[in-house]
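The values are calculated or read from the model by the stated rules, or taken from the named source; none is laboratory data. These figures come from a predicted structure and were not determined experimentally. All Cβ positions, glycine included, derive from the backbone under ideal geometry; neighbour counts span all protein chains shown. Each accessible area value is taken on the protein alone, full model and side chains, heavy atoms only, with ligands, DNA and RNA left out. Shrake-Rupley method; radii C 1.70, N 1.55, O 1.52, S 1.80 Å.
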Amino acid sequence: MSEQINQTTEYINELTGSFKPECGIILGTGLGGLVNEIDIRFSISYSDIPHFPVSTVEGHSGKLIFGYISEKPVVVMQGRFHYYEGYNMQQVGYPVRVMRELGIKRLFVSNASGGVNPEFEIGDVMILNDHINLLPSNPLIGANDKYFGPRFPDMSEPYDRATIKKAHEIAGRLGYKIHEGVYVSVSGPCFETPAEYKYMRIIGGDAVGMSTVPEVITARHMGIPCFAVSVITDIGVEGRIVEVTHEDVIEAASKAEVKMTAIFKALLAES
Ligand code: HPA
């Protein structure tokens, strides 16, 4: 294991003592509300953590929060790192390596995305059942550290099927209409042109966004089961494409996050 990850983990362990998170959670743009549901025990600013990247994008406040949700010990990343901020893919995946050293057994991720499936509406929730990585790189490029996982990791089940099934049951019970689909990851930071949105759909995508895939690849390299949810904040379907700003994305995400929060909470309570 790298000396850096060792130092980061030691620093955090000294502050959190015997607290052992079971689930790691990464919250996306405008989706930080789950934090209100945490019985918080420790909160550490990214800027205080040795070797941790620091989040720069508006809408991401940059804290690692330790506590309980539905009585399960969790570590929550409030604010994540994006490739478009200038970090390389390994840096984007770095917190996931650290969370695994802290003890997580599963990873939950949320994000905001543009819907390219014509059945989608703004505010809808999509559970990821697969992804297509169109980011220009991969977090596993470079020397492989066998401590974490194999050189050529399997990706036949990027998102844990049993958790997806459970999430559908929960959503049904709560009366939420949710979708399941394929997330296409791009670098950003510009949103897509109409022709690009069309392309995402043609290649098999249902939603497109600028995150999640680096973290999920890093987690799957270590054999950690992943569950991810996307909130559709804008529509990339011919005839329905309008100008979109980061503020629109945050506003749409904030409105829909109640559903996402409820699903995460119930999943933690019941599995
Ligand atoms: N494209 C890429 N990323 C996004 C979008 C989008 O339309 N909406 C929110 N994140």
Select from the range 186-199 the residues that are hydroxyl-bearing (Ser, Thr, Tyr) and more than 9 Å from the ligand (Cβ to nearest atom) and write down the one among them that is least open to solvent (accessible area, probe 1.4 Å). Ser187
Any residue at all in the range 116-127 that is of a type in the set (Asp, Glu) and open to solvent by less than 50 Å² (accessible area, probe 1.4 Å)? yes
Being assigned to a loop (DSSP other than H, G, I, E, B) and within 16 Å of the ligand (Cβ to nearest atom) is the filter here, so list the residues in the range 120-139 that pass it. Phe120, Glu121, Ile122, Gly123, Asp124, Leu134, Leu135, Pro136
Give the residues of the range 251-271 that are away from the ligand (no atom under 15 Å from the Cβ) and among the hydrophobic types (A, V, I, L, M, F, W, C), sorted by residue number. Val258, Ala262, Ile263, Phe264, Ala266, Leu267, Leu268, Ala269
Output the number of the condition that Phe81 fails; it satisfies all remaining conditions of (1) within 16 Å of the ligand (Cβ to nearest atom); (2) at pLDDT 95 or above; (3) within 12 Å of the chain's Cα centre (by Cα). (2)
Just to verify a result, which residue in the range 169-185, among those that are open to solvent by less than 40 Å² (accessible area, probe 1.4 Å) and in a helix (DSSP H, G or I), is nearest to Met126 (Cα to Cα)? Ala171
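Results for (1) of a type in the set (A, V, I, L, M, F, W, C); (2) at pLDDT 95 or above, shown as yes or no for each residue.
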site: Phe191; (1), (2): yes, yes
site: Arg201; (1), (2): no, yes
site: Asp206; (1), (2): no, yes
site: Gly223; (1), (2): no, yes
site: Phe227; (1), (2): yes, yes
site: Ile235; (1), (2): yes, yes
site: Ile250; (1), (2): yes, no
site: Ala262; (1), (2): yes, no
Take the range 200-250 and flag every residue that is acidic (Asp, Glu), more than 11 Å from the ligand (Cβ to nearest atom) and without any contact (Cβ under 8 Å) to a residue 60 or more places away in the chain. Glu238, Glu243, Glu247
